[in-house]
1. State yes or no: is residue 19 modelled with pLDDT under 85 and either part of a helix (DSSP H, G or I) or on the phi < 0 side of the Ramachandran plot (or both)?
2. Against the condition in a helix (DSSP H, G or I) and assigned by TED's automatic domain parsing to the domain that holds residue 134, how does residue 55 come out, does it pass?
3. Of the residues 34, 62, only one is farther than 28 Å from residue 130 by Cα, assigned to a helix (DSSP H, G or I) and at pLDDT 80 or above; which?
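The values are calculated or read from the model by the stated rules, or taken from the named source; none is laboratory data. Quantities reported herein were computed from a predicted structural model and do not represent experimental measurements.
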């Protein structure tokens, strides 16, 4: 009996490591192939996304060039008017903001009326958005120079 157990153990210890290594290599190979397929799929998706972004960028450039060409063909009055729309709106919002605060300060309206007029901070939000737009435009114009 001991000789049979010894023979089986000898066979297992001589054949086992080689079989185990082959089995582990096949598992690793399967994982490597799955990883390569995943990476190829990701690469294809990245290339597709890059192509979409590039085409959108090219479309934006074309739109800007078309707009610039139209503005060059437009009358000077139209160009000046289009350039003055944003500053005019900004000045109007700023004047409204100042008048509301002045009215509260002078006692012309109560704090409750001010709150109703501000509609829960909507005007403050609009005012801060307009101000940040101008500071952002100023900052980006410095970067592009």
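1. On the way: modelled with pLDDT under 85: yes; either part of a helix (DSSP H, G or I) or on the phi < 0 side of the Ramachandran plot (or both): yes.
So residue 19 passes the test.
2. Working: in a helix (DSSP H, G or I): yes; assigned by TED's automatic domain parsing to the domain that holds residue 134: no.
It is false that residue 55 is in a helix (DSSP H, G or I) and assigned by TED's automatic domain parsing to the domain that holds residue 134.
3. Values: 62 fails: farther than 28 Å from residue 130 by Cα.
Result of the check over 34, 62: 34.
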